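One structure is given below, encoded as structure tokens.
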Amino acid sequence: MMINLYSGSASWPVRGIIFDKDGTILDFQHMWGRWTQILLEKLTGFGGEPDWHAALGIRAAGDTVVHDPDGPLAMASNEQTIAILAWHLYREGLPWNRAVSLVSQAVMETNRELEELRPVQPMPGLLSFLERCREAGIKMAVATSDDTAMAEQHLEWLGIRRYFQAVVGADRVKRGKPHPDMAVLACLELGLQPEEAVMIGDTKADIQMAAEAGMKAGIMIGGADSSGASAHILSYDSLGISGGGEENG
């Protein structure tokens, strides 16, 4: 059964929604700003003085950092992030194997500290929207550039894992965003065709992935450049649902 999802004058008959995670489900700055601060502290003194801010696509803003929505921190997988940072250490004279080992260890330690802090915060209107989708019988999945296990963990921290029938991280596919692989796999695990679902994300990579997968629409959330998106929302309060009834099971 198709359910009508709409925003303003735009509407889409759908059976499922694929969500990005960071910046779409979780407040990006609240968690990854803290993650970046911890990581940069651990990278200090590894050799030379690489421009870590430029490497990650961030800039300092008082006691926190602001990320470029088109940059590596916003779009890169964990594996890609480690490679980017290791390359900067290599440029400073460290052997490649040593650079990769140092960065990998720093990322692992940072993730451990993040697990203790659990700095997760839902995007505005998310929780009520998820409940409305569940009641309408819309199937839901997550497709994220993060690793699957970490994504599962973050959803558990927020107490919302139960809403999603599938979680697809970059480690489950050969090609990450903006390629269509994650969206196609997420739809497959929901028992849907891509044209029966929409994508909600906060980066151009999410929108491109949706288009290449043949999804019904790509909806941009947040303040990033929304060119190419089917619709642009600042909050889930801007999305309406009509029709349907609980059938997820």
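Cβ separations smaller than 9 Å between residues 6+ apart or across chains give the following pairs from segment 93-104 residues that are more than 10 Å from residue 82 (Cβ to Cβ) to residues that are small (Gly, Ala, Ser) and open to solvent by 40 Å² or more (accessible area, probe 1.4 Å): 93/48; 94/48. When we screen 104, 145, 128 for residues that are in contact with a strand residue (DSSP E or B) (Cβ under 8 Å, 6 or more places away or on another chain) and small (Gly, Ala, Ser), the only hit is 145.
Among residues of segment 118-140 that are closer than 19 Å to residue 154 by Cβ and open to solvent by 30 Å² or more (accessible area, probe 1.4 Å), those with a beta-carbon under 8 Å from a residue that is hydroxyl-bearing (Ser, Thr, Tyr) and assigned to a loop (DSSP other than H, G, I, E, B) at least six positions away or on a different chain give the pairs 124/235. Just one of the numbered conditions (1) buried (at least 18 other Cβ atoms within 10 Å of the Cβ); (2) in contact (Cβ under 8 Å) with a residue 24 or more places away in the chain is not true of residue 194: (2). The set of residues in segment 59-72 that are at pLDDT below 90 and buried (at least 19 other Cβ atoms within 10 Å of the Cβ) comprises 65, 67, 69.
Within segment 48-74, the residues that satisfy the criterion of being among the hydrophobic types (A, V, I, L, M, F, W, C), part of a helix (DSSP H, G or I) and touching a strand residue (DSSP E or B) at 6+ places or on another chain (Cβ under 9 Å) are 52, 56, 73, 74.
Among residues belonging to segment 197-215 that are within 18 Å of residue 236 (Cα to Cα) and open to solvent by 10 Å² or more (accessible area, probe 1.4 Å), point out the one that is nearest to the chain's Cα centre (by Cα).
The first filter runs over segment 197-215 and keeps only residues within 18 Å of residue 236 (Cα to Cα), leaving 197-203, 206-207.
From what's left, open to solvent by 10 Å² or more (accessible area, probe 1.4 Å): 202, 207.
Working: 202: 8, 207: 12 Å.
Out of the qualifying residues, it is 202.
When segment 1-36 is filtered for residues that are under 30 Å from residue 61 (Cα atoms) and of a type in the set (A, V, I, L, M, F, W, C), the ones remaining, listed by number, are 19, 25, 26, 28, 31, 32, 35. Among the residues in segment 222-232, are any under 27 Å from residue 149 (Cα atoms) and modelled with pLDDT of 95 or more? The answer is no; no qualifying residue exists.
Evaluate segment 86-93: report whether one residue or more is among the acidic types (Asp, Glu), part of a helix (DSSP H, G or I) and open to solvent by 20 Å² or more (accessible area, probe 1.4 Å). No, segment 86-93 contains no residue that is among the acidic types (Asp, Glu), part of a helix (DSSP H, G or I) and open to solvent by 20 Å² or more (accessible area, probe 1.4 Å).
With respect to the stated conditions, residue 98 fails to be surrounded by fewer than 19 Cβ atoms within 10 Å (Cβ to Cβ) and in contact with a strand residue (DSSP E or B) (Cβ under 6 Å, 6 or more places away or on another chain).
The values are calculated or read from the model by the stated rules, or taken from the named source; none is laboratory data. The shown structure was predicted, so the numbers you read here are calculated from the model rather than taken from an experiment. Using ideal geometry, Cβ is built from the backbone for each residue, glycine included, and neighbour counts are taken over all protein chains shown. The accessibility values were calculated without ligands, DNA or RNA, using every heavy atom of the protein model including side chains. Shrake-Rupley method; radii C 1.70, N 1.55, O 1.52, S 1.80 Å.
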